[in-house]
Structures are given as C-alpha cells and as structure tokens.
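Let me begin by presenting the structure, written as structure tokens, before commenting on it.
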Amino acid sequence: MEIISGFVVGILGSMHCVGMCGPIALAIPHKSTNKTSIAIDNIFYNGGRIITYMILGTILGLIGSAISFSGLQEKLSIVIGVLMLVLTFAPKMFKVSNKANNFFYSGVGKLKSYFSTFLKRRGKLALLSLGLLNGLLPCGLVYVALAASLGIADYASSMGFMAGFGIGTAPAMFAVSYVGIFASAGVRQKFNKLIPYGIAVVAVLMIMRGMALGIPYISPELPETVVQPVENCCH
C-alpha cells in the first residue's frame, strides 16, 4: 500500500522533478548515443536517486517507530498531516533566518562541487554516485515525501514509500535524457498545479491514519496495549 502511495506522489510531482533536476539529467555524460546504452546509464543514475530515498526513508521510519513505541504514533501522524497542509498552502507562515539560509546554501555548494566532479567522469559507478548525490539535493517535494515516511512509523513501509516515490519520478527523468525537456513551460506549469492537491491527499490520509477510524488500509485501528493481570500463585 505504501509503495503505491509513494508512486502516486512521485508521478504527480514528475514535472516538478523535470524542472529542478532536468538539467542534471541532460548533463549526464553518455559514452554512446545508442538508445540501449542511454537506458542503462539512466538506470544507474535513477537507481542512485532511489537508493538514497530508500535510505532516508528507512532512517525516518526507524525514528517514527521509536516514537510509536512511546504511544504517540497516532498523534505524530496527525501532526505531520496538518504540517504538510500548512506548508503547502501557507508557506509564508514559516520564515527561515539568514543564518539558516547561509548554512543551507553552503551545504548545497559543497554538493554541487561533487556533482561537477562526477559529471566529468564516464562510467556506471560515476552515474550511480551522481544519482546518490542527487537524492540529497534540497527539494520541497522530497521533504514532503520524507515527512510522510516519518509518519508511517515503520522502517520497511517507510522505505517502500520512498522507493515508490523514486520510481514514480523515474519515467519523466528517463524522457528528459531521450528528448530533452519534453514538455513546454506551459505544460509543466499545469502539471505543477496538481502537486499541492497530491500533497493534500497524502496529508489527509496521514490525518485519517492517525485518527484510527477502523478503515482497512486507509485508517486502521491500532491495537491497544493490553496488560494481562498477574494471578497470585500462592493460595
């Protein structure tokens, strides 16, 4: 179920990925213009992205699992769902300080220096490394997916969600390598308008999950911890 949800979010955000990461996909140094060779290169590059997403999802899933053991899983899911809605539809409520911005951009600058290093190299390992780094680039859509994976509170399901997310963005990135930015700015803008609605659907599902309404797969009722009475063995 989680991998499908992640896949849907990835598909809806594909055009956003084209705009943000399309230039990197276009800059990939292919050894050959053969379609099969380009496809293999793309598998390594996008595979690296998906691996990074899965690792991040696993880490956040473990954190969510630790929180769930304290009995806060339902509240965590609701809080994350509400935050996703607020950050999507009222982002100006959250202002970042100049110091935080400077720290953020310094980290991005270091990543870009590594990008330039791997872009100069040719080989499958360089492409895989490029994809792994690409998964660490700051992206609002990725942050939304990671927030959802935290709320899932299960490392395997969180990993599956992020794997689905990465797979969902892959077809558009493949298309970029073959035909460039395959959609006009107007078409991409129309698709980008769908992203908030996709995020809203995930956020509502997170809130419903936390409410434990007893709806299978969507809002399952979490089992309560039952403490068995200890019988006195002495009579």
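The values are calculated or read from the model by the stated rules, or taken from the named source; none is laboratory data. Not measured: the values here are computed from a predicted model. Note that each Cβ is placed from the backbone with ideal geometry, even for glycine, and that neighbours are counted across all protein chains shown.
Once the range 189-205 is narrowed to residues that are at pLDDT 70 or above and farther than 16 Å from LEU141 by Cβ, the residue that is surrounded by the most Cβ atoms within 10 Å (Cβ to Cβ) is LEU205. Screening ILE3, ILE51 for residues that are β-branched (Val, Ile, Thr), under 12 Å from LEU130 (Cα atoms), surrounded by fewer than 20 Cβ atoms within 10 Å (Cβ to Cβ) and in contact (Cβ under 8 Å) with a residue 60 or more places away in the chain leaves exactly one candidate, ILE51.
Could you tell me whether ALA147 is more than 20 Å from the chain's Cα centre (by Cα), of a type in the set (Gly, Ala, Ser) and either modelled with pLDDT of 85 or more or closer than 18 Å to ILE11 by Cα (or both)? No; evaluated as a whole, the condition is false for this residue. The set of residues from the range 23-42 being out of contact with any Phe, Trp or Tyr (no Cβ under 9 Å at 6 or more places or on another chain), in a helix (DSSP H, G or I) and not hydroxyl-bearing (Ser, Thr, Tyr) comprises PRO23, LEU26, ILE40, ASP41.
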